[in-house]
Number of protein chains: 4
Amino acid sequence: MKGNEAIAEAALRAGAEGYFCYPITPQSEVAEYLSRRMPELGRVFLQAESEVAVSNMLFGAASTGKRVFTTSSSPGISLMQEAISYMAGALLPVVIVNIMRGGPGLGGILPAQSDYFQATKGGGHGDYRVLVLAPSSIQEAVDLMMLAFHLADKYRNPIMMIGDGMIGQMMEPVEFPDDYKEPPLPPKDWAATGARGREPVIIKSLFLDPLLLEKNALIMHQKYEQMKREEIRFELYKINPKNKILIVAYGTMARICQTAIDELESEGTSVGLFRPITLFPFPEKDINKEAKKKNIRAVLTIEMSLAQMMEDVEKAVLGAKPVKFFGRTGGIVPSPDEVKEEVLKLIKEKTRSTGKTKQN
Amino acid sequence: MKGNEAIAEAALRAGAEGYFCYPITPQSEVAEYLSRRMPELGRVFLQAESEVAVSNMLFGAASTGKRVFTTSSSPGISLMQEAISYMAGALLPVVIVNIMRGGPGLGGILPAQSDYFQATKGGGHGDYRVLVLAPSSIQEAVDLMMLAFHLADKYRNPIMMIGDGMIGQMMEPVEFPDDYKEPPLPPKDWAATGARGREPVIIKSLFLDPLLLEKNALIMHQKYEQMKREEIRFELYKINPKNKILIVAYGTMARICQTAIDELESEGTSVGLFRPITLFPFPEKDINKEAKKKNIRAVLTIEMSLAQMMEDVEKAVLGAKPVKFFGRTGGIVPSPDEVKEEVLKLIKEKTRSTGKTKQN
Amino acid sequence: MKGNEAIAEAALRAGAEGYFCYPITPQSEVAEYLSRRMPELGRVFLQAESEVAVSNMLFGAASTGKRVFTTSSSPGISLMQEAISYMAGALLPVVIVNIMRGGPGLGGILPAQSDYFQATKGGGHGDYRVLVLAPSSIQEAVDLMMLAFHLADKYRNPIMMIGDGMIGQMMEPVEFPDDYKEPPLPPKDWAATGARGREPVIIKSLFLDPLLLEKNALIMHQKYEQMKREEIRFELYKINPKNKILIVAYGTMARICQTAIDELESEGTSVGLFRPITLFPFPEKDINKEAKKKNIRAVLTIEMSLAQMMEDVEKAVLGAKPVKFFGRTGGIVPSPDEVKEEVLKLIKEKTRSTGKTKQN
Amino acid sequence: MKGNEAIAEAALRAGAEGYFCYPITPQSEVAEYLSRRMPELGRVFLQAESEVAVSNMLFGAASTGKRVFTTSSSPGISLMQEAISYMAGALLPVVIVNIMRGGPGLGGILPAQSDYFQATKGGGHGDYRVLVLAPSSIQEAVDLMMLAFHLADKYRNPIMMIGDGMIGQMMEPVEFPDDYKEPPLPPKDWAATGARGREPVIIKSLFLDPLLLEKNALIMHQKYEQMKREEIRFELYKINPKNKILIVAYGTMARICQTAIDELESEGTSVGLFRPITLFPFPEKDINKEAKKKNIRAVLTIEMSLAQMMEDVEKAVLGAKPVKFFGRTGGIVPSPDEVKEEVLKLIKEKTRSTGKTKQN
């Protein structure tokens, strides 16, 4: 199944009742698939007139307590930043998928990971965060997509899944759970479902009294602290005491690193991989723990972008080991050979520096 | 002179020939002032139909090589994120002022600093950064505003100045340089000024060939590295070997901290202040240097937001000392007394922890 | 049943599967009613972000062969003129209801008939017409609403029903047909329903070859000529050889005239009423026939607007009798007494002029 | 000089200080010309993001008392209908040029006259009219353009000049008045120019009190009646007692008819031409007078559209003579030969019918 279609189907299985979109390469297959399936299921498919419209429709639809989502790609996601901030402020659950393309600006249509900052630090205004999930296979995209709807409801906050065009375009076998069950969730008594027999609810991000606005921000802040405690997800690959280098990479880039690590291993060089699955909350302590191990000479961050996640890795490593960067951007996907070369070069350097790092 | 008017006048003195805006509290006085002054000077004042329109007009106007700018407040800036990414990708000089209000969403209209992440990490998509200036007085707002236009041209990149509503609304005496002279700048031979007698220029962020897109991203990346070398600005206040605590604060918040520090000093407690003036590039090494000094027991980040700059401070301090946070948000401005109380509490705790920090 | 709700229910009975709207007084009850009923029936209710969006959504939805419609009021209808022209050019069936309010511009919210020109002459560009239906009671609004969908499909052309705020707001008993059956219609083989097993269809108004564009215009022109032959509808009230004056009035205005005519009759003055039900095609010949009758001294056009329909009446009467005008506008509904006074004044004048008329 | 450029230059000479536009074939040369000239003169050139934006900017700019205008083509003009209604209701002077292309919908880009209804009957809502000027040469376009600004100020009402693509694209010698002087106009004391030293003015189309809204409509109605008395303009060509046929045609179409008339004359057939220059107010009485002349056997309306002006001609002739129609549409310009053929066929028919006409 193609990645984009698998993501769409996963949303259906998770009970998404509304999908709002504006077409943009490389994720238009999601819209194509849902334009057929949503009406068949009596659910809402809506292609709006712009991403600004899409994101405000999400606000309205999420207010009714229904599971709703959108998918887009980099420039489209930028246009949604105001509304994402509004949805966060109004404590609304919503799922947003960004199948990233090269940027900035119009950029290109090939795969990239260069929206890391936008996703993890928040492209909108105000004290809010978005929980960010980064699958590295289509099966994982399916699983995380279903999880995303659960987390959105659990935290009443926008949840973002980011992938690159390769995740969206490639085909892999995928299994959907036969009998999908989520942990129990509280009733959506906050939703605007018609105020018959009860007091009206008000869903808003406007609080002119600064004490109330701060209170709302603190409620949100608690949620983000809770996410840091409960939602950190990552995967370790071939981590062992012989590792000389710890690679940190996510998404498609992590898969390519696995291939490189396998080949390096067969050639006698041991390298481990730390793959964050949640980018916010970022597995800081876990990376710190791995980086501190005696055998690790350096941490190598590898991205399809220019040293964005590296800032989080540096903050995680806290100077315990040198943090190096390798990456390509603009739609270029580094090959396993490039990764291997970078690792071998790094080992050769026998780096011992403890402080700042440089882009290679 | 009122802060918003001083900012407007500074832009005029720096030669701004086009101003595009959409009204939003608490910065509408800038537009009001310029709606009168720009036409008097034969320059362009334009109130557009939305912030999306404003930001795309900036793109077009900046393409002609003229100095252009906008001012807005938090939600308005979010709506500009796509265009800011486009302008960065097209290597366009432009100045953007964000007089921040409480958020997220519609939030409130009182002063805040909660767009720190958006400004410094980039709310748009792709590998780009925005140089961020944060004045703490009206005189500094004037000086930095004029500098902003120079830096925009020097780097051909969007430059953002962020202030809070207090900077915009309060009145202070301010001096404009009699004879403003900037360091020399290269000719704007890239600008679309009419292709008579030369080849047309093309200003764009679209590069379908990934090698060209990566090349463009690397050109930009070089600029950001150059900014880190050449543009870091900060101010030290009462830094001395008796300091027990190092406060890091910027903008209006830093001024309030100064008052608190003065009072603490007169009461026998020595505290120093590190005030970043550039938020990107962030004065990492300089903070690290101050934090490492033996007499410093802890670093206290104080913000009118919830632990946003603190992430950069933690990354700067690299575990050398505990990093603590104090802040209010949503339009509440901490008083000097609150700051003092926080400092005294921290000293009392005799914190010795080396690792993670918590919000107080 | 309230007029607006009756109109909504009639559309449902006629099989409308999509309703697109933007709220505006005095017709928002239609949207309110359908926001509940459409989802119950598994049909599409969509509140868009503007009337421009609504009208382009109608274009898209009508292209699929589904029965779709919108309701709005005067300024909203103006915003749809471009799209109405596009839909006419693309031969698309669609139903548009205009519950008119006083104008021009923002005007007021009280009942008016001042969009007569816009509706009947075409507010958009190009050689197209819109068939216009004007009910004078809620029962007739129901019947014409159902007819509108039939005519839209029969002619593949936008059909407009216009009423004033009184039709929309007042309550009357209304009967819906138990067993609604329409005359047979040709299959919608032109619709874009997915091109599986057949050639794709193209629905467009763009024809760069002027011969093809003229051909399309002539196809449309034939339809309008056919409408003139087959669709003219009107009602005569108390037409008899004793009539001294022939009143021409439509919609709510006609009902008020009936009251005035009844009272005049009981007072010994015989007046007949010609009530056009279709405003385009206009019952020219039929009015001409009535106006020519010897006993008629003058034709009195009465409108809740300023001498708009009067132009069509003059063209119909072709100078056979003087054509006089009485009307109020801006939300003022003439009373039966005002009508009576106007009639009596006109009889007193014993007008014999054959040519031009004046506004009273 | 090219027609579009001559129109632009005429506007400058008439003192236009603001021009707002959105590009559309076949009038983009106006924008191109003014994009250079307006800034040279220190006036405002603004390309907005849509025609909806353009027309609302016109509203705002006209409110300041400055002479402002726009040019567009058919679909663009449709998008302006709401704002035109608002400007009429707010009593604002503004000049709008429609260089018509084939329609409806996207249509084509070749010359047409098929927006006659939209221009003369009002495409917007409410009781308002637009004075419509129709030049048939570039020199006349220049003269009428300058007149348009005068009439806009005289009547405080939108004035529209309509031409077809041929007027816009062809080149002819043109003279601009050396010393352009207009009749005196009243001071613009209604304009919003800053309320220093006087009461603020309010410019609006909203009147919630129906008596005030009706009063505003009656003020407007008086203006339209005044236009009918003072502004009717037309040209007679080879009108003489030998004429068998009276042609009514305007704009480019009238020029082609002149050529046909000249050729017919040389071949012994006498035909006269009535060329309306104002389309609203329409020279009804003057056409009636010509049509009634004994020698005239029939009136032939010739259009580059499908029997639109013919409705006004029929209403003017009031059944005195048969009114026939010939026209092409969709971008096809009838040749003089086609016109001659039509005239000769009509004479041959020796039509004597007095009533209705048909499209040939």
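The values are calculated or read from the model by the stated rules, or taken from the named source; none is laboratory data. Every value quoted in this text rests on a predicted model; they were computed, and no experiment measured them. Ideal geometry is used to build each Cβ from the backbone, glycine not excepted, and the neighbour counts take in all protein chains shown. We work out accessible area using only protein heavy atoms, side chains counted, and drop any ligands, DNA or RNA first. Shrake-Rupley method; radii C 1.70, N 1.55, O 1.52, S 1.80 Å.
Computed values, structure above
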{"quantity": "Test: residue in region A:260-273 that is out of contact with any strand residue (DSSP E or B) (no Cβ under 8 Å at 6 or more places or on another chain), facing another protein chain (nearest Cβ under 10 Å) and among the acidic types (Asp, Glu)", "calculated": "no"}
{"quantity": "Search result, residues across region A:41-63 that are of a type outside the set (Gly, Ala, Ser), open to solvent by 40 Å² or more (accessible area, probe 1.4 Å) and closer than 16 Å to residue A:12 by Cα", "calculated": "A:41, A:43, A:44, A:45"}
{"quantity": "Per-region count, region C:155-185, residues out of contact with any Phe, Trp or Tyr (no Cβ under 9 Å at 6 or more places or on another chain) and either β-branched (Val, Ile, Thr) or closer than 16 Å to residue C:66 by Cβ (or both)", "calculated": "3"}
{"quantity": "Output for region B:79-106, where each listed residue is within 18 Å of residue B:56 (Cβ to Cβ), surrounded by 24 or more Cβ atoms within 10 Å (Cβ to Cβ) and facing chain A (nearest Cβ under 7 Å)", "calculated": "B:79, B:81, B:82, B:85, B:86, B:88, B:89"}
{"quantity": "Tally of residues being more than 7 Å from chain C (Cβ to nearest Cβ) and assigned to a helix (DSSP H, G or I) across region D:312-331", "calculated": "4"}
{"quantity": "Members of region B:95-120 that are without any contact (Cβ under 8 Å) to a residue 40 or more places away in the chain and out of contact with any His (no Cβ under 9 Å at 6 or more places or on another chain)", "calculated": "B:106"}
{"quantity": "Qualifying residue in region B:126-149 (condition: under 17 Å from residue B:278 (Cβ atoms), within 7 Å of chain A (Cβ to nearest Cβ), in contact with a helix residue (DSSP H, G or I) (Cβ under 9 Å, 6 or more places away or on another chain) and not aliphatic (A, V, I, L, M))", "calculated": "yes"}
{"quantity": "First in region A:43-60 and at the interface with chain C (Cβ under 9 Å from one of its Cβ atoms), second anywhere and assigned to a loop (DSSP other than H, G, I, E, B) and acidic (Asp, Glu), Cβ under 6 Å, 6 or more apart", "calculated": "A:53/C:49"}
{"quantity": "Answer residue from region D:64-78, given it is open to solvent by 10 Å² or more (accessible area, probe 1.4 Å) and within 21 Å of residue D:10 (Cα to Cα) and is farthest from the other protein chains (Cβ to nearest Cβ) among those", "calculated": "D:67"}
{"quantity": "Any pair with Cβ under 9 angstrom, 6 or more apart, that starts in region D:29-41 at a residue that is polar (S, T, N, Q) and ends at one that is open to solvent by 40 Å² or more (accessible area, probe 1.4 Å)", "calculated": "D:35/D:45; D:35/D:47"}
{"quantity": "Residue tally, condition in contact with a strand residue (DSSP E or B) (Cβ under 7 Å, 6 or more places away or on another chain) and either among the acidic types (Asp, Glu) or touching a residue at least 60 places away in the same chain (Cβ under 8 Å) (or both), over region A:5-23", "calculated": "4"}
{"quantity": "Criterion violated by residue D:109 - all others in (1) within 14 Å of another protein chain (Cβ to nearest Cβ); (2) open to solvent by less than 10 Å² (accessible area, probe 1.4 Å); (3) among the aliphatic types (A, V, I, L, M) satisfied", "calculated": "(2)"}
{"quantity": "Matching residues in region A:210-260 - criterion: being free of Cβ contacts under 8 Å to residues at least 40 places away in the same chain and within 28 Å of residue A:164 (Cβ to Cβ)", "calculated": "A:230, A:237, A:238, A:258"}
{"quantity": "Residue match in region B:288-306 (condition: open to solvent by 10 Å² or more (accessible area, probe 1.4 Å), within 13 Å of chain A (Cβ to nearest Cβ) and without any contact (Cβ under 8 Å) to a residue 12 or more places away in the chain)", "calculated": "yes"}
{"quantity": "Residue list for region B:294-330, filter: within 23 Å of residue A:125 (Cα to Cα) and among the aliphatic types (A, V, I, L, M)", "calculated": "B:302, B:304, B:306, B:307, B:309, B:310, B:313"}
{"quantity": "Residues located in region C:1-38, provided they are open to solvent by 10 Å² or more (accessible area, probe 1.4 Å) and of a type in the set (Ser, Thr, Tyr)", "calculated": "C:22, C:25, C:28, C:33, C:35"}
{"quantity": "Single unsatisfied condition, residue B:247 versus (1) touching a Cys at 6+ places or on another chain (Cβ under 6 Å); (2) not assigned by TED's automatic domain parsing to the domain that holds residue B:316", "calculated": "(2)"}
{"quantity": "Filter result for residue D:63 (among the hydroxyl-bearing types (Ser, Thr, Tyr) and within 19 Å of residue C:124 (Cβ to Cβ))", "calculated": "no"}
{"quantity": "Residue match in region A:337-344 (condition: open to solvent by 10 Å² or more (accessible area, probe 1.4 Å), within 14 Å of chain B (Cβ to nearest Cβ) and within 27 Å of the chain's Cα centre (by Cα))", "calculated": "yes"}
{"quantity": "Restricting region D:196-217 to residues that are among the charged types (D, E, K, R) and either under 30 Å from residue C:333 (Cα atoms) or open to solvent by less than 70 Å² (accessible area, probe 1.4 Å) (or both), the residue that is nearest to the other protein chains (Cβ to nearest Cβ)", "calculated": "D:214"}
{"quantity": "So residue C:115, is it over 17 Å from residue C:27 (Cα atoms) and either modelled with pLDDT of 95 or more or within 9 Å of chain D (Cβ to nearest Cβ) (or both)", "calculated": "no"}
{"quantity": "Any pair with Cβ under 6 angstrom, 6 or more apart, that starts in region D:325-350 at a residue that is more than 13 Å from residue D:303 (Cβ to Cβ) and ends at one that is surrounded by fewer than 17 Cβ atoms within 10 Å (Cβ to Cβ)", "calculated": "D:336/D:259"}
{"quantity": "Selected residue [modelled with pLDDT under 95 and under 22 Å from residue D:308 (Cβ atoms)] from D:107, D:124, D:103, D:76", "calculated": "D:103"}
{"quantity": "Counted residues, region C:332-360 - those being modelled with pLDDT under 95 and among the small types (Gly, Ala, Ser)", "calculated": "2"}
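Let's see how each residue does on (1) under 26 Å from residue B:1 (Cβ atoms); (2) open to solvent by 10 Å² or more (accessible area, probe 1.4 Å); (3) free of Cβ contacts under 8 Å to residues at least 40 places away in the same chain:
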{"position": "B:137", "(1), (2), (3)": "yes, yes, no"}
{"position": "B:141", "(1), (2), (3)": "yes, no, no"}
{"position": "B:146", "(1), (2), (3)": "yes, no, no"}
{"position": "B:172", "(1), (2), (3)": "yes, yes, no"}
{"position": "B:179", "(1), (2), (3)": "yes, yes, yes"}
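Conditions tested, residue by residue: (1) away from chain C (no Cβ under 12 Å); (2) of a type in the set (A, V, I, L, M, F, W, C); (3) farther than 21 Å from residue C:325 by Cβ.
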residue	(1), (2), (3)
D:220	no, yes, no
D:226	yes, no, no
D:237	yes, no, yes
D:241	yes, no, yes
D:246	yes, yes, yes
D:250	yes, no, yes
